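Trainee: Quick one: the structure is below, and I'll ask about it shortly.
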Amino acid sequence: MRDFFRRIRDSVFRVGWPEDERRALMAMRSSFLLHIHAAKVRPASLRATATWGLGLLSLFLFGSLVITGVYLMFYYVPHPDAAWRSMKDLAFVVPFGVVTRNLHRWGAHAMVALVLLHMGRVFLTGGYKAPREANWVAGVLLAILTLGLSFTGYLLPWDQLAYWAVTVGSKMVASVPGLGPPAALLLLGDHTVGEAALLRFYVLHCVVLPLAVAGLVAFHLYRVRKDGGLVTSEHAPAPAEGPRLLPAWPHLIYRELALLGGLVVALLLLSMVVDAPLEPQADPTRTPNPAKAPWYFLGIQELAHYSAFWGGVFIPAATIGVLLVLPYVDRHDQGLGRYWPKERRTANSVFLLIAAFFVTETVIGTFFRGPAWALMWWPG
Amino acid sequence: MNDEPALPRWLHVVVLGSFFLTAALVGVLLVQDAARPAQVEQRIVADLEVVDRCETCHDAADHPAPWLDDHPVERFGCTTCHGGQGLAVTKAAAHEAGPDWEHPLYDAAEREAACGSCHEAATVSGAPRLSHGRALLAERGCAGCHTIPGFDLPETAPQLDGLRDKVSAAWVRAWLTDPAPLNPVHKMPRFALTDAERDALVAFLFSLDGPALEPAPAAGDSDRGRLAVAQRRCTTCHRVDDRGGDVGPDLTLAGAKLHPAWLGSFLQDTHRLRPTTRMPGFKLSAEEAADIVAYAGEQWVPDADTPWATAADTVDPGLAAAGRALFVDRGCAGCHRAGDVPRTRAAMALDDLGRRHVSDLPQAGAAPTHDLPSWIATKVLVPAAFDVPGVAAAKMPAFTGLSADDAFDLGIALAALRKDGVPGDWKVAAPAATANVPAGEVGALVDRFRCLVCHQLGGRGGEVAGVALDGEGSRVRRDWLVGFLQAPVTIRMDQSARMPVMGISPAEATALAEWIGSSLADPAVEEGATLGDPAAGALAYAARGCATCHVVHGEGTMKGPTLDGAGARLDPDYVVALLAKGGAVVPGNRHPEGGLPEAEARDLAAWIESL
């Protein structure tokens with residue numbers, strides 16, 4: 001019997017259980033799941049502080065969202081008459097409906113946060129510089145796609161929260177001079193959020209955007225390998241003792257498994273304890289005050305409150321524009337692979353200030369804005 | 001190979017640990033899922049977009065009778081009447097409100113609001129609080145400011161032209177400050193007004209000319225006045241010292257409130273001064289009016305000094321324009337006619353109030369209310385409870401003289417208002433009510449004597465009198481009616497309301513009796529019954545125990561009308577119908593429903609005829 005399982009296990013690796021370095025290297029090269037990794041990794045790259053596992057966690061979350069999302073699709077009907085009732089069915093009669101929806105909901109929020117943090121980590125360590133410019137751009141696009149996935153998914157429960165958050169979000173799109181109104185019309189298929197918008201959001205959320213993310217992730221990972229793996233510091237001292245390189249099996253793979261295991265346990269625990277919100281069914285005649293966008297857009301909504309054009313359009317567009325051209329403009333190649341190198345203090349200070357600005361605006365928009373968007377004291 | 005560092009031990013622990021933890025959590029999920037009902041019983045009411053799973057746990061067969069007879073669960077579902085979350089299959093989610101669901105199960109009172117979303121009649125059987133609330137909606141003139149389906153602009157508030165002839169400015173100021181102490185049966189709410197606003201309103205109202213008053217008569221005699229008040233039975237409608245009816249205003253202080261010249265004129269020619277009043281046109285002689293004015297000036301005055309009776313009576317005519325604007329803004333014109341001010345509603349429509357969610361409505365800081373009727377009750381009793389200092393102040397006045405239960409009943413009646421709440425063919429319309437009064441002389445008399453303020457006719461009219469006019473033509477003899485209308489005697493000792501003595505002339509009484517006799521017949525009474533044997537009737541009277549309620553020859557009790565002299569009053573056909581068939585028993589009459597053999601009924605009718 002034991003032999004039976006061992007044969008299955010070995011067959012997965014193609015070369016048998018990687019019990020020594022030679023087999024480990026062979027496995028890393030020839031096993032489908034493992035060959036994405038380099039066969040050997042620098043010990044510095046294995047430190048938790050090197051990446052905090054942010055990119056990989058984002059990838060795992062994407063995987064879990066696909067799995068839970070497919071399960072939800074079995075029950076969900078993308079029509080205003082039925083959508084909210086599907087949520088109630090998930091809550092009351094579908095086996096594991098509640099926990100699946102919770103996993104999907106909390107996983108989606110976590111993915112948005114982790115993708116943005118991942119981007120911050122790469123910026124601070126200068127990971128966008130040559131030869132990684134194109135991969136940085138792919139990363140920025142992935143971040144935008146992630147926001148798009150989360151935003152389109154936000155509408156699907158068709159409750160008050162969903163309806164009004166998306167109404168606010170699409171109004172923000174429509175407020176862009178020139179391109180905004182036709183873009184909003186294209187997105188909603190109508191002038192208000194309704195049947196057409198729900199179907200479009202559903203198709204975008206379940207088909208278009210996930211395929212785009214999957215394709216771009218493949219490119220992203222490919223380029224990580226081809227661009228030389230993790231950006232490292234040329235100043236990092238070679239380890240005084242021990243090897244300069246370690247085999248990815250088991251050192252890297254086990255760390256990745258630990259990350260996966262920790263994520264699954266944390267997400268499951270969270271989803272078993274905290275239920276995803278579901279407000280009363282969407283009612284276009286009943287506007288909540290204030291109507292708030294999803295949390296990751298609340299910084300922009302807050303800015304738009306100061307000035308519809310400068311805050312709502314110019315600053316977000318300029319931010320994305322700067323992020324996209326950044327690697328082609330900033331061509332210093334000093335101080336890479338470290339969080340706070342002398343050479344990058346100016347760049348990182350500016351970045352952190354901007355990030356802090358957005359975080360502050362988001363916190364204000366989320367917690368300190370009450371009816372009529374008036375400032376109010378904690379708690380909301 | 002040997003210089004390769006070993007894999008840290010904690011990594012193994014984390015990987016294996018998370019594997020086993022995941023397995024454990026999935027196990028917990030499996031156990032939790034086992035609690036899910038294996039079979040969901042679901043009922044769908046497509047018309048109402050209701051999907052109820054209540055019967056997963058509850059059995060409709062256990063429902064208390066007789067509600068499901070008229071409202072079968074197959075057609076109505078459960079939440080239509082009971083509220084709660086029909087889709088839920090756990091007790092907490094189905095019964096309670098939470099962040100996910102705003103409507104907990106209705107309690108018995110709130111359920112009546114659900115009744116009201118289909119049943120449109122003023123009185124809905126089985127829903128006393130809804131019915132009471134609807135009565136209060138009419139009584140308190142809510143439709144004066146708010147659009148409420150089924151309610152017209154109220155006509156019960158006094159017309160205000162010529163107010164300066166009637167009362168002093170100081171009295172009006174006191175009334176506008178708080179009507180309650182001045183008239184315990186007041187209907188007008190208490191408006192939040194500043195002194196300056198009251199001055200402006202008084203200035204406007206006192207700028208309106210009214211009808212000319214009658215010439216001042218010689219001084220009357222208060223003793224004769226006291227007698228006149230008693231004989232005319234003013235207290236059927238008016239309260240004096242906490243006794244009397246509440247159709248008209250309290251008269252305890254009327255002598256100090258009303259200018260004598262106005263009161264004298266009003267008693268002489270009531271409807272010329274106040275065409276919309278509910279008071280009958282007594283048309284008293286100048287002398288009788290003067291006597292009552294003298295009596296009022298002597299007896300209906302405050303014991304101690306009241307500020308309004310002694311305050312300086314100053315009016316600043318320059319404020320009239322501001323007062324008129326205020327009159328319109330505060331919605332006074334919704335209830336009162338005054339000069340040429342158009343009658344408009346000043347407040348929001350309430351025709352969809354029942355669909356508002358309490359969470360969307362302003363909340364009173366100290367005591368947040370959770371259900372709509374309670375919120376409305378608070379708004380009615382203390383409108384300022386939802387004010388935001390410096391931002392929003394309620395224009396709505398406070399309705400005093402309502403108990404908390406009254407206010408809640410109002411809330412139920414208003415919470416029942418749901419535009420498009422149920423499809424039209426689910427509505428149960430109010431029974432058509434038309435008081436079929438002919439035009440011409442009879443119509444003018446019915447109007448002048450305000451018969452329908454007290455009597456019901458065709459489903460309309462007041463309920464002060466115990467006798468509806470419908471069918472009265474079959475019940476009493478025409479000759480008797482002619483006499484009764486001129487000098488109404490008390491028939492039913494158990495009723496407190498006495499018909500006022502309005503001075504109906506013989507010709508007027510004859511015209512009214514002709515109309516009642518010929519037009520207001522009871523189809524349940526067959527004409528031309530042959531009478532039986534009076535002696536047998538007398539025996540039957542004793543055998544049936546009629547004396548338990550009736551008096552004959554001075555013996556018996558007065559639970560029912562005395563039968564001495566009933567021969568001249570009652571139509572024998574009616575007596576036969578009442579005793580034998582029962583269909584002739586009018587609402588409010590506590591007589592047993594028929595059931596006697598026809599021969600015995602005829603004997604009794606013959607005997608009563610002889611009394």
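The values are calculated or read from the model by the stated rules, or taken from the named source; none is laboratory data. Please read these numbers as outputs of a predicted model, since none were measured by experiment. Please note: Cβ atoms are built from the backbone with ideal geometry, for glycine as well, and neighbour counts cover all protein chains shown.
Trainee: Considering each residue of segment B:39-62, count those that are within 13 Å of chain A (Cβ to nearest Cβ) and not acidic (Asp, Glu), and give that number.
Mentor: 11
Trainee: Under 8 Å by Cβ, and 6 or more places apart or on different chains, what pairs join a residue from segment B:67-80 that is modelled with pLDDT under 90 with one that is part of a loop (DSSP other than H, G, I, E, B)?
Mentor: Listed pairs, sorted by first residue: B:67/B:126.
Trainee: Taking the condition of a type outside the set (Gly, Ala, Ser), at pLDDT 95 or above and assigned to a loop (DSSP other than H, G, I, E, B), does residue A:157 pass?
Mentor: Considered against the rule, which asks whether it is of a type outside the set (Gly, Ala, Ser), at pLDDT 95 or above and assigned to a loop (DSSP other than H, G, I, E, B), residue A:157 comes out as yes.
Trainee: Now, a different point. Just one of the numbered conditions (1) small (Gly, Ala, Ser); (2) under 11 Å from the mean Cα position of the chain (by Cα); (3) closer than 16 Å to residue A:323 by Cα is not true of residue A:134; which one?
Mentor: (2)
Trainee: Residues being closer than 16 Å to residue B:129 by Cα and among the charged types (D, E, K, R): count how many of those fall in segment B:367-416.
Mentor: Residues in segment B:367-416 being closer than 16 Å to residue B:129 by Cα and among the charged types (D, E, K, R): 4 in total.
Trainee: Does residue A:97 satisfy the criteria of being within 11 Å of chain B (Cβ to nearest Cβ) and not hydrophobic (A, V, I, L, M, F, W, C)?
Mentor: When the stated conditions are applied, residue A:97 passes them.
Trainee: Something else about it: Against the condition farther than 30 Å from residue B:243 by Cβ and of a type in the set (Phe, Trp, Tyr), how does residue B:151 come out, does it pass?
Mentor: Yes, satisfied.
Trainee: Quick check on residue A:269: is it within 12 Å of chain B (Cβ to nearest Cβ), surrounded by fewer than 16 Cβ atoms within 10 Å (Cβ to Cβ), part of a helix (DSSP H, G or I) and not aromatic (Phe, Trp, Tyr)?
Mentor: yes
Trainee: Which residue is nearest to residue B:204 (Cα to Cα), if the candidates are limited to segment B:131-166 and must be touching a His at 6+ places or on another chain (Cβ under 8 Å) and crowded, with 21+ Cβ neighbours inside 10 Å?
Mentor: B:160
Trainee: Answer with yes or no whether residue A:79 is modelled with pLDDT of 95 or more and in contact with an Asp or Glu (Cβ under 9 Å, 6 or more places away or on another chain).
Mentor: yes
Trainee: Quick one: which residue in B:65, B:88 is within 11 Å of chain A (Cβ to nearest Cβ), over 30 Å from residue A:257 (Cβ atoms), outside any helix (DSSP H, G or I) and not hydroxyl-bearing (Ser, Thr, Tyr)?
Mentor: Answer to the check: B:88.
Trainee: Tally the residues that are among the acidic types (Asp, Glu) and either touching a Leu at 6+ places or on another chain (Cβ under 6 Å) or more than 10 Å from chain B (Cβ to nearest Cβ) (or both), restricting the search to segment A:272-298.
Mentor: Matching residues across segment A:272-298 total 1.
Trainee: Any residue in segment B:263-282 that is assigned to a helix (DSSP H, G or I), touching a residue at least 24 places away in the same chain (Cβ under 8 Å), surrounded by fewer than 21 Cβ atoms within 10 Å (Cβ to Cβ) and of a type in the set (Lys, Arg)?
Mentor: So far as segment B:263-282 goes, yes, one or more of its residues are assigned to a helix (DSSP H, G or I), touching a residue at least 24 places away in the same chain (Cβ under 8 Å), surrounded by fewer than 21 Cβ atoms within 10 Å (Cβ to Cβ) and of a type in the set (Lys, Arg).
Trainee: Quick check on this structure: which one of B:167, B:185 is in the same structural domain as residue B:271 (by TED's automatic domain parsing) and under 14 Å from the mean Cα position of the chain (by Cα)?
Mentor: None of the others qualify; the one that does is B:185.
Trainee: Looking at (1) at pLDDT below 90; (2) part of a loop (DSSP other than H, G, I, E, B), which is the only condition residue A:275 fails?
Mentor: (1)
Trainee: I'd like to know if segment A:280-290 contains one or more residues that are outside any helix (DSSP H, G or I), out of contact with any Lys or Arg (no Cβ under 8 Å at 6 or more places or on another chain) and of a type in the set (Val, Ile, Thr).
Mentor: For segment A:280-290, residues outside any helix (DSSP H, G or I), out of contact with any Lys or Arg (no Cβ under 8 Å at 6 or more places or on another chain) and of a type in the set (Val, Ile, Thr): present.
Trainee: So which pairs qualify, if the first residue must be in segment B:88-100 and in the same structural domain as residue B:58 (by TED's automatic domain parsing), the second must be in a loop (DSSP other than H, G, I, E, B) and among the small types (Gly, Ala, Ser), the Cβ gap must be under 8 Å, and the two must be at least 6 apart or on different chains?
Mentor: B:94/B:84; B:94/B:86; B:94/B:88; B:95/B:84
Trainee: It is to be established whether one or more residues within segment B:121-143 are among the basic types (Lys, Arg) and touching a Pro at 6+ places or on another chain (Cβ under 8 Å).
Mentor: Looking for residues that are among the basic types (Lys, Arg) and touching a Pro at 6+ places or on another chain (Cβ under 8 Å), one finds at least one in segment B:121-143, hence yes.
Trainee: Could you tell me which of the residues B:562, B:510 is polar (S, T, N, Q) and not assigned by TED's automatic domain parsing to the domain that holds residue B:456?
Mentor: Selected residue: B:562, the only one of B:562, B:510 that is polar (S, T, N, Q) and not assigned by TED's automatic domain parsing to the domain that holds residue B:456.
Trainee: Sort out which residues of segment B:283-310 are surrounded by 15 or more Cβ atoms within 10 Å (Cβ to Cβ) and not in a helix (DSSP H, G or I), and write them in order of number.
Mentor: Residues satisfying the conditions are B:283, B:284, B:300, B:301, B:306.
Trainee: Out of segment B:1-38, which residues are over 21 Å from residue A:270 (Cα atoms), at the interface with chain A (Cβ under 10 Å from one of its Cβ atoms) and either among the acidic types (Asp, Glu) or exposed (fewer than 10 other Cβ atoms within 10 Å of the Cβ) (or both)?
Mentor: Within segment B:1-38, B:1, B:3, B:4, B:6 meet the criteria.
Trainee: Within segment B:166-201, which residues are more than 24 Å from residue B:384 (Cα to Cα) and in a helix (DSSP H, G or I)?
Mentor: B:166, B:169, B:170, B:171 - these are the residues of segment B:166-201 that are more than 24 Å from residue B:384 (Cα to Cα) and in a helix (DSSP H, G or I).
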